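The values are calculated or read from the model by the stated rules, or taken from the named source; none is laboratory data. Keep in mind it's a predicted model, so treat the numbers as computed, not measured. Counting neighbours? That spans all protein chains shown, and the Cβs are built from the backbone with ideal geometry, glycine included. Heavy atoms of the whole protein, side chains included, go into the accessibility calculation; ligands, DNA and RNA do not. Shrake-Rupley method; radii C 1.70, N 1.55, O 1.52, S 1.80 Å.
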Amino acid sequence: MSAVAPPAAGDITREQVLDAYRTMRTIREFEERLHREFATGDIPGFVHLYAGEEAIAAGVIGHLRPDDYVASTHRGHGHAIAKGCDVKGMMAEIYGKKTGICHGKGGSMHIADLDQGMLGANGIVGGGPPLVCGVGLKAKVTGTDQVAVSFTGDGGSNQGTFLEALNLASAWHLACVFVVENNGYAEATSSRFHQAGVDVAKRADGFGMPGIVVDGFDFFAVREAAGEAIARARSGGGPTLLECKVGRYYGHFEGDQQTYRGPNEVEELRRDRDCLASFARRVTDAGLAEQSDLDEIDSAIARLVDEAVDEAKAAPDPTPDDVLSDVYVAY
């Protein structure tokens, strides 16, 4: 994994530092609160939490423009927040309410907002990579310099759709970046048992594209590698496969007992590898932010998530008539 020196003032601005921290803190607070709320039984359906992986969403999506696109996974809240989806609308959607970002019809695994360039979280494992090939082809045909990024887990990287998308993007020289969030487990199966080879990124060699491995807990490592990949794609250099090695803090889904994980594995990750703690330490040591700046963001985000939960609980449910809306596109 790449080693990245501590940030210097010339590499990242104070505003970028605070924006990145705000994104990561929003994701963490959103997910930690969902963990508690789901336990009450008030949230319908399945929920897959992104906590622990915040540096990847912030480090990659921070380079994207509003007109760029992201295709996500079933573990998609972090990507949606980083791409600018409304936090209150997302919370209402997860509660299945009419005020939700998809009017309560998608839930946790299908949050989408095309106006924000969020093609959607996706319950189909490996379903996102082909979608970004479509965006890349559209950009190529229309002559724009838009970039499309897909996120896939280590389990999804074994799907035929993933490998076919790599081939298509390379053959057609599309402006796509394929991010693999390798958190070590495909549901409950360790990557040691489901994955041939040490790095998913090495598969890029077979498709003639760069393959890069970074520490997914390290925002600055992710930011540097993603920035190069996105700039390459935007300038006509073709696709890149970026593997971020990381660990999730919660189970595959809420309610997963995680008996497949080692003793104290999560506790050690939180203590020794946490991306938010590492980020805060590095930027304050480098003089790019004061602890008081980060504390202020923490307080503001806590209030935002409190409001999002309260408003979601009070929001109206969809009506029976809503079942027939949004089913077909009206031209």
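Using only alpha-carbon positions, what ratio does the radius of gyration of region 135-251 give when scaled by 2.2 N^0.38 Å? It would help to have the intermediate numbers written out before the result.
Values: Rg = 14.1 Å, N = 117, 2.2 N^0.38 = 13.4 Å.
For region 135-251, the normalised Cα radius of gyration comes out at 1.05.
The dipole here belongs to the chain: it is taken about the Cα centre, uses +1 on the Cβ of Lys and Arg and -1 on the Cβ of Asp and Glu, and is about 820 debye.
Does region 181-238 classify as rounded, prolate or oblate by the C-alpha gyration tensor (a ≥ b ≥ c root eigenvalues; a/c under 1.5 gives rounded; else a/b over b/c gives prolate, otherwise oblate)? Kindly include the intermediate steps, with their values, before the conclusion.
Details: a/c = 3.04, a/b = 1.54, b/c = 1.97.
Oblate is the answer for region 181-238, as a/c is 1.5 or above yet b/c matches or exceeds a/b.
Can you give the Rg to Rh ratio of the chain, both from alpha-carbon atoms, with Rh computed by the Kirkwood formula? Here Rg/Rh amounts to 0.95. Computed packing ranks the peptides 62-69, 210-217, 225-232 as 210-217, 225-232, 62-69, most packed first, by mean other Cβ atoms within 10 Å.
Sorting 50, 250 by solvent-accessible area of protein heavy atoms yields 250, 50, largest first, with a 1.4 Å probe.
The spacing between region 253-317 and region 96-164, judged by their C-alpha centroids, is 25 Å. The fraction of accessible area contributed by carbon and sulfur in region 91-157 is 61 percent, rounded to a whole number (1.4 Å probe; ligands and nucleic acids excluded). The eigenvalues of the Cα gyration tensor, multiplied by 5 and square-rooted, give region 238-331 an equivalent ellipsoid with semi-axes of 35, 24, 20 Å from largest to smallest.
Mean residue ellipticity, 222 nm, helices only, the chain: the sum of -39500 (n - 2.57) across DSSP H runs of n ≥ 4, divided by residue count and rounded to 500, is -13000 deg cm²/dmol.
With viscosity set to 0.890 mPa s at 25 °C, what whole-number translational diffusion coefficient in µm²/s follows for region 33-134 from Stokes-Einstein and a Kirkwood radius over Cα pairs? If you can, show how the numbers build up before the last one.
Numbers: Rh = 13.6 Å.
This corresponds to a translational diffusion coefficient of 180 µm²/s.
Per residue, the chain exposes 44 Å² of accessible surface when a 1.4 Å probe is rolled over the protein heavy atoms with every protein chain present.
How much length would be gained if the chain were fully extended between residue 19 and residue 46, taking 0.36 nm per residue of separation minus their Cα-Cα distance, in nm to one decimal? Could the numbers behind the result be given before it?
Working: separation 27, 0.36 × 27 = 9.72 nm, distance 2.98 nm.
Extending this stretch completely gives an extra 6.7 nm.
Who wins for biggest fluctuation among 233, 55, 188 in a Gaussian network model of the chain, springs between alpha carbons below 10 Å? Result: 188 has the largest fluctuation of those listed.
How much of the accessible area of region 234-286, probe 1.4 Å, is carbon plus sulfur, in whole percent? Carbon and sulfur atoms account for 45 percent of the accessible area of region 234-286. Measuring nothing but protein heavy atoms, the accessible surface of region 162-210 at 1.4 Å probe radius is 53 percent carbon and sulfur. Rounded, prolate or oblate: pick one for region 70-179, where a ≥ b ≥ c are the square roots of the eigenvalues of its C-alpha gyration tensor, a/c under 1.5 means rounded, and failing that, prolate if a/b is larger than b/c, else oblate. Oblate, since a/c reaches 1.5 and b/c is not below a/b.
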